[in-house]
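Written below as structure tokens is the structure these notes are about.
The values are calculated or read from the model by the stated rules, or taken from the named source; none is laboratory data. From a predicted model like this one, the values you see are computed outputs, not experimental measurements. Cβ coordinates were reconstructed from backbone atoms using ideal geometry, including for glycine residues, and neighbour counts include every protein chain displayed.
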Amino acid sequence: MKLIVDLIYESGFAGMRYSISNTAEYGDYVTGPKIITAETKEAMKKVLADIQDGTFAKDFLLDMSPAGGKAHFNALRRKAAEHPSETVGKQIRSLYSWSENDKLINN
């Protein structure tokens, strides 16, 4: 995903599409409109509004405070860790030699 975002940042969508396979480019054209719908755009506007009006920051700071005890954050983290893509990804990464030396920083 980072590669795709970097390509878009560096050269726009046209440059990104030039840099990926024809299969991936075709998938972008036919699948993108199915995923980025009017409802998706509305949801993204709501998220942006929450950031701009301080709702996101207020909720985050409350959850991270001693009173909040990271309860919501930790619940979200546990739920994400249980997603099937995490389970399968862990199994696949264990098959590669680099997996033992590629540790992430936990902050």
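Looking at the stretch 24-45, I want the residues that are free of Cβ contacts under 8 Å to residues at least 24 places away in the same chain and have a partner that is of a type in the set (D, E, K, R) and in a helix (DSSP H, G or I) with Cβ atoms under 7 Å, at least 6 apart or on another chain. Which pairs are those?
Glu25/Arg17; Asp28/Arg17
Scan the stretch 7-27 residue by residue and report those that are in a helix (DSSP H, G or I) and among the aliphatic types (A, V, I, L, M).
Passing the criteria: Leu7, Ile8, Ala14, Met16, Ala24.
Please verify whether Val30 is among the hydrophobic types (A, V, I, L, M, F, W, C), part of a helix (DSSP H, G or I), loosely packed, with under 11 Cβ neighbours inside 10 Å and modelled with pLDDT of 95 or more, treating the condition exactly as stated.
Spelling it out, Val30 is indeed among the hydrophobic types (A, V, I, L, M, F, W, C), part of a helix (DSSP H, G or I), loosely packed, with under 11 Cβ neighbours inside 10 Å and modelled with pLDDT of 95 or more.
I'd like the residue in the stretch 57-78 that is closer than 20 Å to Val47 by Cα and of a type in the set (D, E, K, R) and, out of all such residues, is surrounded by the most Cβ atoms within 10 Å (Cβ to Cβ).
Looking at the filtered set, the residue picked out is Asp63.
For the stretch 32-60, give me the residue count where each residue is in contact with an Asp or Glu (Cβ under 7 Å, 6 or more places away or on another chain) and of a type in the set (S, T, N, Q).
Residues meeting the conditions: 0.
Of everything in the stretch 56-93 that's over 20 Å from the mean Cα position of the chain (by Cα) and assigned to a helix (DSSP H, G or I), which residue is modelled with the lowest pLDDT?
Gln91
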